[in-house]
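We did not get these values from a lab; they are worked out from the coordinates using the rules stated. These numbers were taken from a predicted model, which means no experiment stands behind them. Here the Cβ is made from the backbone with ideal geometry for all residues, glycine too, and neighbour counts use every protein chain on show.
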Amino acid sequence: MTNGLDVEMLDFTLESIGEFAHRELPDSLLIEFDERDEFPEALVRRMCGEELGVQLVFVPDEYGGMGGDAFDVYRVCERMSAIDLGLATSVLATILGSDPISVGGTPEQKRRFLSRIAEDGILMAYGATEPDAGSDLAALSTTAAPVYDNGQVVGYRLSGAKQWISNGGVAELTSILALAPGGPSWFVIDSGTDGFTHGEPEDKHGIRLSNTAALFLDEVYVDADRLIGGVEGQGLVQAQQIFGYTRLMVAAFGLGGGWAALDRAIPYSRERIQAGGPLCDKQGYTHKLIVPHAVRLEASRAAIEETAERLDAGEGPLNVEGAVAKLLASEAGDQAADAAIQAHGGYGYTHEYMVEKIKRDVRITRIYEGTSEIMEMTIARGRWQEHLKTRGDHYHAAARELESLHADHPAVGVDVAAMAHHALAELMETCRVGRLTRHQHILLRLGALIASVEGAGSLARRAARAAAGELGPKADRRLDAEELAMASRVNARDVAFTVATEAARWLAGADSGELDDLEARLGSSTIRSAQAGLLADMDALAQALCRQRQTSEPRRRMAPT
Ligand SMILES: Cc1cc2nc3c(=O)[nH]c(=O)nc-3n(C[C@H](O)[C@H](O)[C@H](O)COP(=O)(O)OP(=O)(O)OC[C@H]3O[C@@H](n4cnc5c(N)ncnc54)[C@H](O)[C@@H]3O)c2cc1C
């Protein structure tokens, strides 16, 4: 159980980040850094130093930090990534680098290293990935050979290479995953240690304001007290323990990046006149380029907030839930940013407009901290176990819970979200009977559908809580209760329809031979009937979104009228 910041402190922190960005990080400067492919080290150090102290949110109070909980971390990560995802990544890298210490370090290691992040504002890096070991970390080949004195292990010599390490060229301290005789283990290494070098900064597609570099270890000696936790072989377990939390942070990045793009597209759509009226009045524009993206982003927010609340309540690592949140938010953020370019027409395709940079930046959230495909696999495998354990009732049970909410909240889309859950349960059972998950493609498609269905459930529950005035005090309030209800109804219809149609497609595609009463089992005709009212909800949501006040993209060039 974590207490976290109180609401006033969280609001103050978010405001301070906003003010710092307003003062120091105008769009024009961010675009300049991006064009020069420059890591603005001085700015990052000011953000992580006395001036802003953003890193304090992530450090427990006993080590000099503010002791933010997972919910605080999500809100701060969303806010930072809406400003610049490269800068946010640099802060994230310090937190990632310290995470093995936070979960597995000895009390002495925590005091020694975490307090340096809080007090000295040092930057850290997290060195897990290798040239030949990315998604499959178990294939790592960096070694840690014990050094003995009088039969005692007094230190280790690390040799190998790490790839794509954020802050790799600038961090004072780096956590390195290496293979010791007892198995994969984390070590903490100071920059400047003999034999420890880094490559040139990578020339990246996006997040060009972050430093990413390869690391090289040539017989780097560290004392035995640099082995995190003091016991070999705990490295992968320690990495697993924090995935729920770290993937939530990257999910918040996808959410922040996606909304930052829409927050530019929406005001543009109000100002840009085409065919005699503003673009925001045109259904073909809003219902393709704005509304579905806002809806998906809010579904991902609902999944993030639920996962954060459960993490803070001490419900274990929640790796599958973290993966659901990350998959939903990173995919939604990427699609929203792409739509925002389209929404700006030719202007959006130029470096002068932030949406072009945001699109390149947010793309990374589908790759780092586990790719979307690895998320799909994690989700599908995790929930497949639940399906088997409950003899196929896992998602039927979740649907029944949603249905029980419907009586009190008939207008928030819980009934349609329940239909999606029932259809998913039937799809999974048909896959079990036909042994279809032996096809990896079907397994991963299931992972993606599971994430969408769980997101629909989360958004429907969030809309119900908002309608009852029961959202937590730290919850985001971008959309009001009525707007959340509309978003939930649009999303639930979309997800239920997708499950029904994708199920039919892949079951037929795998020649499953289980198709006789498939439509009836999936509830396809009820799901089709539930689409009634979709356009009216999209119309109302488009109007509501276009009414909202957003930070407008400064017009750099006069648009031809
Ligand atoms: C800008 C940037 C910053 C990064 N920062 C860090 C950092 O600070 N620390 C760190 O340790 N790492 C970092 N990474 C590494 C990142 O986490 C990895 O790139 C990512 O996990 C994918 O690994 P990979 O690049 O080796 O791709 P691979 O694992 O080779 O994957 C390539 C493709 O194959 C797919 N794939 C892989 N395995 C399977 C499978 N079994 N079935 C189906 N499909 C599969 C993947 O989804 C992907 O599409 C960073 C990467 C980038 C680009």
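What angle do you read, to the nearest 10 degrees and between 0 and 90, between the alpha-carbon axis of helix 243-271 and the longest principal axis of the chain?
The angle comes out near 50 degrees.
Can you run phi through the Karplus equation (6.51, -1.76, 1.60; θ = phi - 60°) for segment 412-419 and list ³J(HN,Hα) in whole Hz, with x for Gly and Pro?
In residue order, the calculated couplings are 10, x, 5, 5, 6, 4, 5, 4 Hz.
Tell me whether segment 98-207 comes out rounded, prolate or oblate; compute the Cα gyration tensor, take square roots of the eigenvalues as a ≥ b ≥ c, and use a/c under 1.5 as the rounded threshold. Provide the component values of the computation, followed by the final result.
On the way: a/c = 1.70, a/b = 1.16, b/c = 1.47.
Oblate.
All other residues with a Cβ under 15 Å from the Cβ of residue 281 taken together, and with Lys, Arg as +1 and Asp, Glu as -1, what is their net charge? Write out the running numbers ahead of the final one.
Numbers: positive: 270, 272, 282, 288, 547; negative: 271, 539.
Counting the neighbours of residue 281, the net charge comes to +3.
Bin width 10 Å, origin at 0, all Cα-Cα pairs of the chain: what percent of pairs per bin?
Per 10 Å bin, starting at zero, the Cα-Cα P(r) for the chain comes out as 4, 18, 27, 25, 17, 8, 1, 0, 0 percent.
Within a Cβ distance under 12 Å of residue 161, other residues only, what is the Lys/Arg minus Asp/Glu net charge?
Within the 12 Å Cβ shell, the charges total -2.
Output the 0 to 90 degree angle, nearest 10, between the alpha-carbon long axis of helix 7-24 and the longest principal axis computed from the alpha carbons of the chain.
Once rounded, one gets 80 degrees.
Could you work out [θ]222 nm for the chain from helices alone, using -39500 (n - 2.57) per DSSP H run of at least four and dividing by all its residues? Round to the nearest 500 deg cm²/dmol. Can you show the working numbers first?
Numbers: 21 runs with 311 residues, N = 561.
Only helices count here, giving -18000 deg cm²/dmol.
For segment 168-223, just list the percent of Cα-Cα distances falling in each 5 Å bin from zero outward, please.
Reading upward from the zero bin: 4, 17, 25, 23, 14, 10, 5, 1.
Pop out the ³J(HN,Hα) list for segment 291-307 in order, Karplus 6.51 cos²θ - 1.76 cosθ + 1.60 with θ = phi - 60°, rounded to Hz; leave Gly and Pro as x.
After applying 6.51 cos²θ - 1.76 cosθ + 1.60, I find 4, x, 6, 4, 5, 5, 4, 6, 5, 5, 4, 4, 5, 4, 5, 5, 5 Hz.
Which ³J(HN,Hα) values in Hz, rounded to whole numbers, follow from the phi angles of segment 52-63 under the Karplus curve 6.51 cos²θ - 1.76 cosθ + 1.60, where θ = phi - 60° and Gly and Pro get x?
10, x, 5, 5, 4, 4, 8, 9, x, 5, 5, 10
Roughly what angle does helix 27-36 make with the longest principal axis of the chain, taking Cα atoms, 0 to 90 degrees, to the nearest 10?
60
From the Cα trace of segment 260-340, what convex hull volume per residue do you get, rounded to a whole Å³?
Values: hull volume 6.2 nm³, N = 81.
Normalising the Cα hull of segment 260-340 by residue number yields 77 Å³.
For segment 389-456, count the residues as N, evaluate 2.2 N^0.38 Å, and divide the Cα radius of gyration by that value, please.
Values: Rg = 13.0 Å, N = 68, 2.2 N^0.38 = 10.9 Å.
Computed over Cα atoms of segment 389-456, the ratio equals 1.19.
Rounded, prolate or oblate: which fits segment 462-512, taking a ≥ b ≥ c as square roots of the Cα gyration tensor eigenvalues, rounded meaning a/c under 1.5, else prolate when a/b beats b/c? All intermediate terms of the calculation are to be shown ahead of the outcome.
Numbers: a/c = 4.58, a/b = 3.47, b/c = 1.32.
It is prolate, given that a/c is not under 1.5 and a/b is the larger ratio.
Classify segment 154-264 as rounded, prolate or oblate from the Cα gyration tensor: take a ≥ b ≥ c as the square roots of its eigenvalues, call it rounded if a/c is under 1.5, otherwise prolate when a/b beats b/c and oblate if not. Write out the running numbers ahead of the final one.
Working: a/c = 3.12, a/b = 1.58, b/c = 1.97.
The shape class here is oblate.
Along the charge dipole of segment 319-368, which of 319, 330, 358 sits closest to the positive end, that is, farthest toward it, with unit charges on the beta carbon of Lys, Arg, Asp and Glu (+1, +1, -1, -1)?
The residue sitting farthest along the positive end of the dipole is 319.
Using the structure shown, select from 326/389; 282/326; 162/326; 204/474; 288/474; 204/326 the pairs with a Cα to Cα distance greater than 29 angstrom.
Working: 326/389 25 Å; 282/326 32 Å; 162/326 24 Å; 204/474 35 Å; 288/474 31 Å; 204/326 22 Å.
Long pairs (Cα-Cα over 29 Å): 282/326; 204/474; 288/474.
Please work through the chain and write down the cysteines that have no neighbouring cysteine Cβ at a distance under 4.7 Å.
Taking the Cβ cut-off of 4.7 Å, the unpaired cysteines of the chain are 48, 77, 431.
What order, most packed first, do the peptides 378-391, 349-362 have when packing is the mean number of other Cβ atoms within 10 Å of each residue?
349-362, 378-391
In whole percent, what relative contact order does segment 388-474 give with Cα contacts below 8 Å and a gap of six or more residues? Present the calculation step by step, with values, prior to reporting the outcome.
Values: 61 pairs, mean separation 28.4, N = 87.
About 33 percent, as a whole number.
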